[in-house]
């Protein structure tokens, strides 16, 4: 079976690697160059998306920020999962907020801003501080502002206007103002749903960010009450979308209550731990779902964590002796994800010990947040976070 992935980055690469044992042939469409490529070798296979669509049995996407024209072309083929609507919602915070409201899941109060008058209304409605997010092309903390005081309104609006002018789709761009949420921690849930509505849902993962980019994900603590909350919201959203594939949902935990931050209609960074920590990883289960194959078990088989490698990172042999290292075959540059490290152990205590052994081996400037937090204290008592 031939699978075409829109996007040719590391997620397409890991889908191809997971699909090979299932005899699934995965190719990718590079939305930047317009080339069809092999997602592992980066070999150019052709230059026509139409030809790739014709030869594909199934089409999917590795990220949300794809031209509407490309999405419409793929949707017209009848082969696209999770489909045009889900990808558009994942890439537009206005549509995302509407989905969350319609599904009846708790999320931050918000107001849509197109003009300075709208910003004044948002301030009256939400108060200070607030988070301002661009509706389109926002990811890894980009296109976001924190507005704390009235005296900052003019300068912040000037920055937003400048951002609008530089936005490639500025005529469709706007800002979503959200109330500031002081949360205890951020967690995410990843699950697979097939066309028959069958689900396989992974355990909640705790996420720690640095400057808006995921730095560490930990799947090591069971919390049945939180897991049940998250799964109820997952089911509501997935059913509302008639979703097929892997869906990721990021939450804020506030005093034992979950609130949806955002969704990602694709395989997700916070699910990389599943490669060594679950019965069947997220990449394989995404392919199983979209190819109408039986879903694999999402059961966690051991406590696990994932460390993101961002920028010009080098890893010692000592780390390789302690963990699983995944490189993406990407040249390093600031804020670019070039690989990740999966750490797995038999028990939570052993996982803590191994993380405590690995962190001193990582460069402090490249992994600042890992050197700032105390892993043992964090995993045993929890540490209050501020929203990025």
**Report entry** Residue list for the range 80-102, filter: surrounded by fewer than 19 Cβ atoms within 10 Å (Cβ to Cβ) and touching a helix residue (DSSP H, G or I) at 6+ places or on another chain (Cβ under 9 Å)
**Finding:** 84, 85, 88, 95, 98, 102
Report summary line: In the range 181-194, anything outside any strand (DSSP E or B) and either out of contact with any helix residue (DSSP H, G or I) (no Cβ under 8 Å at 6 or more places or on another chain) or modelled with pLDDT under 95 (or both) is listed as 181, 182, 183, 184
Query - Cβ pairs under 7 Å, 6+ apart, first in the range 362-388 and under 25 Å from residue 223 (Cα atoms), second modelled with pLDDT under 80 and surrounded by 14 or more Cβ atoms within 10 Å (Cβ to Cβ) - result: 388/141
Query raised in the report: How many of the residues in the range 11-54 are part of a helix (DSSP H, G or I), under 26 Å from residue 308 (Cα atoms) and in contact with a strand residue (DSSP E or B) (Cβ under 7 Å, 6 or more places away or on another chain)?
Result: 4
Report task. Might you check whether a residue that is in the same structural domain as residue 328 (by TED's automatic domain parsing), closer than 17 Å to residue 100 by Cα, touching a strand residue (DSSP E or B) at 6+ places or on another chain (Cβ under 7 Å) and part of a strand (DSSP E or B) occurs anywhere in the range 263-279? Result -> yes
Query raised in the report: From the list 330, 299, 346, 314, which one is within 23 Å of residue 234 (Cα to Cα) and surrounded by fewer than 19 Cβ atoms within 10 Å (Cβ to Cβ)?
Result: 299
Query raised in the report: Given 201, 213, 246, which one is surrounded by 17 or more Cβ atoms within 10 Å (Cβ to Cβ), assigned by TED's automatic domain parsing to the domain that holds residue 365, within 19 Å of the chain's Cα centre (by Cα) and free of Cβ contacts under 8 Å to residues at least 60 places away in the same chain?
Result: 246
**Report entry** Evaluation of residue 63 against (1) in contact (Cβ under 8 Å) with a residue 24 or more places away in the chain; (2) assigned to a strand (DSSP E or B) (one fails), failing number
**Finding:** (2)
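The values are calculated or read from the model by the stated rules, or taken from the named source; none is laboratory data. All values reported here derive from a predicted model rather than from experimental measurement. Cβ: placed from backbone, ideal geometry, glycine included. Neighbour counts: every protein chain shown.
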